[in-house]
Amino acid sequence: QVQLVESGGGLVQAGGSLSLSCAASGRALIRYTVGWVRQAPGKEREFVSAISRSDGTTYYADSVKGRFTISRDNTKNTAYLQMDSLKPEDTAVYYCAADPGPLSRGMKEYQYWGRGTQVTVSS
């Protein structure tokens, strides 16, 4: 199985940027599609973005399209989420997830999850 550890969260003002990383260990990340999912207080988990194993196909939630960029470096066993033009409504715990199944345009039952990293955007 693969273990995932997120990093890069923090506090930022509206309009600012953060870059999240998801470091994988245990198995090669290239075996998995990778997604970012977030959960705000009192709300359900929400799909943010996903990326295919190696051909670069990406999907984004409408709420982040044009502001967030997902990427991965399989040689470093790491996936990334670059977040620009952040808004207070982006405040949430951000989770990295991986799955051996096909890429999904939206929320899915990922097999592996990290513990999450907090992102707080102040107005």
Which residues qualify? For G116, with a placed amide H closer than 5 Å and at least 5 residues away or on another chain, they are E6, C96
In whole percent, how big is the carbon plus sulfur part of the accessible area of the stretch 6-123, probe 1.4 Å, protein atoms only? 46 percent
Averaged per residue, the 1.4 Å probe accessible area of the chain, protein heavy atoms only, in Å², is roughly 50 Å²
Lysine pairs in the chain with Cα distance under 20 Å, only those 8 or more apart or on different chains: how many are there? 4
Separation in nanometres of the label points that stand 7 Å from Cα toward Cβ, at K76 and A28: 1.9 nm
Test of understanding: in a Gaussian network model of the chain with alpha carbons linked when under 10 Å, which of S25, S52, S71 would top the mean-square fluctuation ranking? S25
Segment Q3-R105, extension gain: residue separation times 0.36 nm, minus the distance between their alpha carbons: 34.4 nm
Can you pull the one-decimal nm distance between simple spin-label points at R45 and A14, each 7 Å off the Cα toward Cβ? 2.9 nm
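The values are calculated or read from the model by the stated rules, or taken from the named source; none is laboratory data. Here the structure is a predicted model, which means the values were calculated and not measured. No Cβ is skipped: glycine too gets one built from the backbone with ideal geometry, and neighbour counts run over all protein chains shown. For accessibility, only protein heavy atoms count, side chains too; no ligands or nucleic acids. Shrake-Rupley method; radii C 1.70, N 1.55, O 1.52, S 1.80 Å.
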